[in-house]
Structure formats: C-alpha cells, structure tokens
Amino acid sequence: MPKVLERVNCPDDVKWLSRGELGELCSELRELLVSRVTENGGHLASSLGAVELTIALHRVFDSPRDKIVWDVGHQSYVHKLLTGRREQFSSLRQYQGLSGFPDRNESPHDAFTTGHGGTSISAALGMALTRDLARSDNHVVAVIGDGCLTCGMAYEGLNHAGHLNTRLIVVLNDNGMSISPTVGAVARRLNVVRTTRPYVQAKEQTRRLLSILPGGKRLRWALHRLKEGAKAVFMPTMMWEQLGFTYLGPIDGHNVAELEKALVRAKNYHKPVIVHVLTIKGKGYKPAEDNPTRFHGVSPKSESSVTTRTYSQTFAKTVRGLLMDNPRLVVISAAMIEGNSLSPLVKEFPHRIYDVGISEQHAVTLAAGLATQGFIPVVAIYSTFLQRAFDQILHDVCLPDLPVIFAMDRSGIVGDDGRTHQGLFDLSYLSLMPNIIICAPKDENELQDLLYTSLNTEHPIAIRYPRAQGTSVPLATELHQIPIGRAEMIRQGRDMTIIGIGSTVMPCLEAAEHLAPRGIDALVVNARFAKPLDTELILDAANRTKNMVIVEENVLSGGFGAAVLELLEKAGASGIKVKRLGIPDEFVTHGKQDFLRSLYHLDAEGIARECIDFLAQIRRKAQTEFHSKSL
C-alpha cells in the first residue's frame, strides 16, 4: 500500500486527507526526518516537535498566497516536505541541495529567508501591511518558538503590531526550549501554562458537569468570573492582551484537529492574534524527547565518530581555569551554552556564567555594565550572531574603551548551515571600530594564550576561532602572555611571503611545503593580530621577498588583507606585489567545510596553486615589460 506521504506533493494534497491518514502522515514524516537528518545532519528535535502544527497550518491556510513565516527555520523541515521538496530532501544541507533554513530562492512557499532568531513577527507584520495597502485579503502567519521570545526584536514587532491593530496571526510554538531550556522571566511565565494542563482539563470537566445540574447556568456564570480572575493570575493572557493581541490557548500542539480549530478561529479575527501551542521538542523519537538539547542539532553520521578536541572545548577548558584563578571574571552566552561547550561549567560557576537567551544586543551592553564596575566579562557568541549587536559593540563597548572580551566561535566558514551562519564578516565589521583589538589563534595553544592575554588588555578585544576540530597539538599547562600586535615568522623564505591569520595559518605553512619541491622558497607569517598589525614584521617580510600572498577566511572587502594593503600604502612601500585570498563579494552557500575551503582556494593545495599562478603572472609581466623596453 502506498505511503500517505508519497501522495503529498503540495500543500493542497494535505487538505483532503482523512483523520486516519493524517495520523499515518505524522508517523511517516517523523520516520523520514529521523532517517535523513541523522544521515545528513541538521535540526532534528525542533522539526519533530512541529509535525502536527505544520500539517494543521497547511490544512487551514493556502500557501503561498497566505504567508507562513518561520522564525529561525529550525522547525521548517516538515514545511519543506509538504511543499513539493520531498524528492530533494535527501540533499538537505548538501552543496547545491536544499538549505537547512527557509529560503525565498528555493521555494515560493518560503515567505522569508531566515536563519537568525526573532525576525518572524517583524517580517510578517511587513507582509500584513503590504496586504492592507493593496486591499487584499490573504492571511499572514508568524510561527515563533518560545526560545525566540528571549529576543528583543520579537517584542518590537509585537508592540508595533498591537499598536497598528492590523490582522496578523502569531503562532507561539512553546516547547520550553531554544537549543537548551529557555531562560528568562517570560519563559517562567509560559511554563505556568505547561505545568497547569490538569487545570485546563478540570475546567472542561466542570463545564460538562454543570451543564446537566439544576441551577448550573448561574453557577457556570459565577465560575466564569472566577476563571477570568484565575486566568489573569495563572495564564500569560494579560501580557498579550496588553500588547493588543487576542490570546487563544493553550492548544495541544500534537492534536491536528484541535490545532485546526484554533487556527480557523484565529482567521476570523480582524486584529492581531496569538495562538499559544504546547509541543514536545523531539516528539515521536524517544532519544530526542529524552535529550532535546543533544538532538537539537545533529551531526552527519560521517562526523559522529570524530573525537579530536574542538576549539570550543579548548575555549571552555581554558575559561574554567581562568574562572578559578580570577574571581572578577564572568562569562555571558546568548543561548549558546551548549555550542560554546560551557554546559559543564554552569553547575560549577552558577553565579558567574549567564545565559541571556537570544539577546545578543543585551549580552554586549550587559558586559559593558559589568566592565564599568571592574569585572572582566567574556562574551561568548558565534561570529554570525555577534554581528546583530554591531551598535552595542561600537557605542557601548568601543566608544568608552571598556575591557570586554569577545570570544567569537564559528568564525570563518561554518559549512552546512550556510549563508545565514557563515562567520565571514567579523574581521571587516570589527576592524572599523576604534579601540578594539582583534586576533585569531593558529592552534589551540595560541587560543589559550590569547584568552590569558585578554585578561590584562584594558581594551575591548575580540578573539575569533573556527568551528573545527583542533590541530591536536598537546595543550600546554602553563599559559603565556602574547604581546599585543605581535606576529610571528614561522618559516623563513626568500621568494615570497605568505601571511595567514587564524585558521589559515596552518594551510599556509602546508602550502609552503608544497611549493618547496617546485623551487619556490616561501616565508610564512602567522599574523595573529588583525588589529593592531605587526607593522615591523610585515614590512620587513614584504621588503625582503617583494611578493606577498595574504590569506584570510573572511570577506576580502575591509578584511585583514585590506588592512595590510593600507599599511603598505601608508609606509610608502614600493615594488611590493600583493595577492589576497579570501571570500569574494558574495554570500557563501551551504556545504562541507573542507569542500568550501577548497572551492575558495583556502586549503593548502589551493593556496599553493594561487602562489604558483601569482609568481608566474609576475614573471610574465616582467618579461613583457622587458621586451617593451627593448623595442
């Protein structure tokens, strides 16, 4: 007998399924999710928890005419499967395959391209206003998880939507989680609902009983008044209503019929509506239900057996030692305790590690406040998410020159998460800020030393390190101060200089070894600091070899190589030929890290080929000029 899922090629196909077939469809979707996501990697637990909700949304609304905007997109895999992408699902997060997030270039059913949290309500409100201006009648739905309600932008959108009083449906998918359990006062308030399901059930049973008792109507009216008072105390309705929203819920997020009923009711309102849905993250797959944090993001099978120490683990190990030695040190994470490998430290230092949720702006200015009072804050945020706090870094940290340490995990090419998550802009957007120090380690030991050095800089400092297994160097037990702005020459040479920074240093050194058999003797520099530059060493190397290749895992525009060019210009260095390797003016798609580095010639082989071509081009140009002069 054909599977139900095989008959679903577009959202309309879901509308005609019977209740029994819907149950089968839910089971088949979960089976496919577990099979494919554990194979390719991706966000498993979130999508498992949103199966029934996604089906209900597509049965009630008419995508793409009705706009369904998914916040972050961790929950959108089922949406992809129901909107004509089932046959492509095996390519999820693979190069030139399906994105792991909603992407407008991929399907008209993806109303908004996203990968960062808290954007759905603002984007959906923009679409609703466009509908109103065009005098159309389509619906706009924002689907946001409770984890994203820690994001200030979500409240900006809610506040404006309530003020405008336009027709907008916000579905709050409440599973008590972001990646880790959701933090904050709002999360505690929502948790009241999750823990009062017996109250909801008892209310329904009481209503049925009173309907058959003499005088039941009057008793029911009195109980209704009592219930409204109780709701104000126990339920989070007042918050939404004060923002101008009608609150519907709580709804069982794993009951398609109940979800449909609530969504149909929401469609009939001509004002903003919140539909509060309770779901279980990882639903239907016991390992994910038991450990939703572990199964939030799943690595591909081919990577699961890798046991080499990561840069994140080295960061956490080093921070632990620094926390023990320095009582003024505190750590701030923005919903990335797990990703930053800080989970074991939370129990050990419960009052010195703060998870602020998806609130990068708040995290940075919180750190600034701590710094003004003599504390040393380490802000541990992925590169791609730190860019959300650009103004706070510039205005609240760099302008007053406060000693805040930014630990930027996942800098450079991150791979499968693609365009929304590549950490390829931090060298550029931070370099333009006065007072800040920017550095990147070549290996784990240098990461330890840079963290140790950062404690005594008395200026803002950003340390970028990759999403990667480390180089497996033995970790030193003693940490060392690195002079600010000091690079190191790690290989002597006479024909050309190759300068790398951070994750590109070791490939540069390996490239030099590839060049040696070809008779090219390359000098290799580990820059370490993008700001300030080691003026003396760089100029000495440039003047010694006259040929320079600069390699960075960052966009070329405004990056490390651009800073070196400015240095050469300022110093009046003449006759220096320069080639820069990095990311061109484009967004890097999803794919394996090694493949993408190879694609952009940032691996050892690619760097070596670029060096050979560079020298060949210089020789050809010299020969052409020589012949021109001879004539």
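Largest first, the extents of the alpha carbon coordinates of the stretch 446-520 on the three principal axes equal 45, 25, 22 Å. The per residue volume of the convex hull around the alpha-carbon atoms of the stretch 488-630 is 119 Å³.
By how many degrees, 0 to 90 and rounded to 10, does the Cα axis of helix 197-210 deviate from the longest principal axis of the chain? Value to nearest ten degrees: 20. Simple spin-label estimate for Ser598 and Arg65 gives 4.8 nm between the two label positions (7 Å along the Cα-to-Cβ direction from each Cα).
In plain terms, if you count all Cα to Cα distances in the stretch 4-135 and split them into 10 Å steps from zero, the share in each step is 13, 44, 33, 9, 1 percent.
Taking a Cβ cut-off of under 14 Å around Ser91, the surrounding Lys, Arg, Asp and Glu residues balance to a net charge of +1, with basic ones at +1 and acidic ones at -1.
Cβ crowding within 10 Å, taken as a proxy for footprinting-reagent exposure, orders Ser472, Ser46 from fewest neighbours to most as Ser472, Ser46.
For Ile332, the residues whose amide H sits under 5 Å from its own are Tyr354, Val378, Val379, Ala380, ignoring neighbours fewer than 5 places away on the same chain, with H placed 1.01 Å from N. Neighbours of Ala288 by Cβ distance under 12 Å: Lys/Arg scored +1, Asp/Glu scored -1, total +3. Note on the stretch 266-396: along the principal axes its Cα atoms extend 56, 45, 25 Å, ordered by decreasing extent. Over the chain, DSSP H runs of length four or greater, each weighted -39,500 (n - 2.57), average out per residue to a 222 nm ellipticity of -13000 deg cm²/dmol. Would you kindly work out the equivalent ellipsoid of the stretch 564-604 from its C-alpha gyration tensor and give its semi-axes, the square roots of five times the eigenvalues, largest first in whole Å? They are 30, 11, 7 Å, listed largest first. Counting only Cα atoms, the size of the stretch 311-466 along its three principal axes is 38, 32, 29 Å, in decreasing order. Put a dot 7 Å past the Cα of Glu586, heading toward its Cβ, do the same for Glu605, and the two dots end up 2.0 nm apart.
Angle of helix 311-325 to the longest C-alpha principal axis of the chain, folded into 0 to 90 degrees and rounded to 10: 90°.
Between Glu289 and Glu348, the C-beta separation translates, for a Förster distance of 35 Å, into a calculated FRET efficiency of about 0.80.
The chain: percent of C-alpha pairs farther apart than 32 Å?
Looking at the chain, the distances longer than 32 Å represent 54 percent of pairs.
The alpha-carbon of Lys579 sits under 12 angstrom from the alpha-carbons of these aspartates and glutamates, leaving out residues fewer than 8 places away in its chain: Glu552, Glu610, Asp613. Remark: the Asp137-Glu458 segment gains 109.8 nm on full extension, using 0.36 nm per residue and subtracting the alpha carbon distance. The simple Förster model, with R0 at 35 Å and r as the Cβ-Cβ distance, assigns Phe626 and Glu39 a FRET efficiency of 0.05. By the count of neighbouring beta-carbon atoms within 10 Å, fewest first, Met408, Met127 end up ordered Met127, Met408. Other residues lying with their Cβ under 14 Å from the Cβ of Ile463 contribute a combined charge of -1, Lys and Arg counting +1, Asp and Glu -1. Extension gain, Arg328-Phe390: 0.36 nm per intervening residue step, less the Cα-Cα distance, totals 19.8 nm. Just to verify a number: FRET efficiency for Asn268 and Leu399, C-beta to C-beta distance, R0 = 41 Å, to 0.05? Efficiency at R0 = 41 Å is approximately 0.20. Cβ-to-Cβ counts within 10 Å put Thr504, Thr545, Thr535, Thr83 in ascending order as Thr535, Thr545, Thr83, Thr504, the fewest first. Simple spin-label estimate for Ile612 and Ile490 gives 2.3 nm between the two label positions (7 Å along the Cα-to-Cβ direction from each Cα).
In the chain, the longest principal axis of the Cα atoms and the axis of helix 216-234 are about 20 degrees apart.
Where a number appears in this text, it was derived from the coordinates with a stated rule and is not lab data. All of these numbers come straight from a predicted model, not from anything done at the bench. Every residue, glycine among them, receives a Cβ derived from its backbone with ideal geometry; neighbour counts consider all protein chains shown.
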